[in-house]
Amino acid sequence: MSFFRFAGPETILLAVCFFLSIGCPVLAQEVHSQKDVQFVGRPRIALVLGGGGSRGAAHIGVLRVLEEEGIRFDLVVGNSIGAIIGGLYCAGTPLTEIEAIMKDQTLSEVYLPRFIWARILFIPLRPLVYAFRETPCAGLASGKKMHKFLEKQIPENKRLIEKLDIPFEAVALNLNDGTVRSFDHGDLVQSMIASSTIPGLFKPVKIDSEYYVDGGIGANVPTFKARQSGADFIIAVSADNKLTHIQSSKLSSYKFLGRRILDAAFVAMDKRLREEANIVIAPRLIGATMMDDDLERIEDSISAGEVAARAALPEIKDALARLEASHHDKEH
């Protein structure tokens, strides 16, 4: 039985989401537009892949359609599951392989820690266990298993971000100074892990002398980071659940309540960030949750990504054609 079926991770997320719903919109409001920043030369296109847990399977469908249509990117910026899928893609991992590890639950099994309730019960004993040594950062588990798994998926010559064929940035929140940072060089897997480390569930990731967690706390759809890196045109993919009216009876479930608050928090936070994009692809992810182990819903999310990307193609192609024409006129 998959560990996604247990309420443990979602119970922790429920606690985290109260911070998200209050703090994140503030962080988002502090973002300043960088639309005046441009690459020298032809217009540069960035693809931004947002967080969303298992719902991020939709990114696979979007990438497949854009790849089939010959739309190439000068930069991919990812957060959380967007950083994992984006990082693997930029390292040359075929979409069929990325899809396979999502569908067969390999990714979910190496991501979530085992015996989660036993780990929670251990928390009160920490002062005794670490009475005479340095207490490590709080978190129920490390991301070592996930790190080893991702390393196996990436060729040795692609394990540094600067060695990737497609420029890539993973976004994470720096817990030491409270800022959102994007990693555009260094250890690819380490940056992917930092970007997808749920605080509380996992120990923060130490990079140099600072500690990092999931970028979703400050920039779930990190469009402003693409602007800051000089993108002229941004296509953002949001894996948020569309909020629809629900029956009050559903709120008797703690698990559903946690999901609902998370969904509402991310929708509110991402609204400002999505406005920074030129085009937003928002797949209809009906019934999909952030920690879903249902194969059919994962397949539905991938299909929803394909449908949303195809629907956006006319607008994307028209906008890119106008951008190219405008750039050509300026050169002449």
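Count of lysine pairs in the stretch 102-225 with Cα atoms under 14 Å apart, counting only pairs 8 or more residues apart in sequence or on different chains?
For the stretch 102-225, qualifying lysine pairs total 4.
Going by accessible area, probe 1.4 Å, with all protein chains left in place, what is the ranking of His185, His245, largest first?
The residues order as His245, His185, largest area first.
Mind ordering 161-174, 295-308, 188-201, 55-68 by average Cβ neighbours within 10 Å, highest first?
In descending order of packing, they fall as 188-201, 55-68, 161-174, 295-308.
If the cut-off is 20 Å between C-alpha atoms, which lysines fall inside it for Lys242, apart from same-chain ones fewer than 8 positions away?
Answer for Lys242, where 20 Å is the Cα cut-off: Lys250, Lys255, Lys271, listed by chain and number.
Counting Lys +1, Arg +1, Asp -1, Glu -1, what net charge surrounds Pro127 among other residues with beta carbon under 14 Å of its beta carbon?
Overall, the nearby charge balance is +1.
The values are calculated or read from the model by the stated rules, or taken from the named source; none is laboratory data. Since this is a predicted model, take the numbers as computed values, not measurements. Don't worry about glycine lacking a Cβ; one is built from the backbone with ideal geometry, like all the others, and counts go over all protein chains shown. The accessibility values were calculated without ligands, DNA or RNA, using every heavy atom of the protein model including side chains. Shrake-Rupley method; radii C 1.70, N 1.55, O 1.52, S 1.80 Å.
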